[in-house]
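Have a look at the structure below before the remarks.
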Amino acid sequence: MIPRPKVKWIAPLVLTGALLAGGSAAIAAETWNSSDDNRPVDLPFRRKASEQDMQARKAEMQERLAARVESGEITQAEADDIRAKMADRKAKFEERRYEKS
């Protein structure tokens, strides 16, 4: 049989543990889902760029390359090499994307 002095400490310890666990769960739930703000959670996922965005980016890259050639920073051959490498990277990316699906 358990001696009487030890029994006195069991109930307060169990109660304290339950309060701490419940309080921690409530704090975690509150930080994840705030009732003041009903907007969806903004997760750090990127959306796929639209075709218009991709065309705009490609046009901007072409303009930058043309400006660098015009300023003499790079030669036309170097610009053509950069364009070829970008086309190769795009082709490899497309291959991998279609293999996965």
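The values are calculated or read from the model by the stated rules, or taken from the named source; none is laboratory data. Because the structure is predicted, anything quoted here is derived from the model rather than measured. Cβ sites come from the backbone with ideal geometry, for glycine too, and all protein chains shown count toward neighbours.
Overview of values
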item	result
Selection from the stretch 36-59 of residues that are more than 20 Å from Arg97 (Cβ to Cβ) and either modelled with pLDDT of 95 or more or basic (Lys, Arg) (or both)	Arg39
Which numbered condition Ile74 fails, given (1) modelled with pLDDT of 75 or more; (2) within 24 Å of the chain's Cα centre (by Cα); (3) not in a helix (DSSP H, G or I)	(2)
Members of the stretch 45-58 that are out of contact with any helix residue (DSSP H, G or I) (no Cβ under 9 Å at 6 or more places or on another chain) and closer than 13 Å to Met86 by Cβ	Met54, Arg57
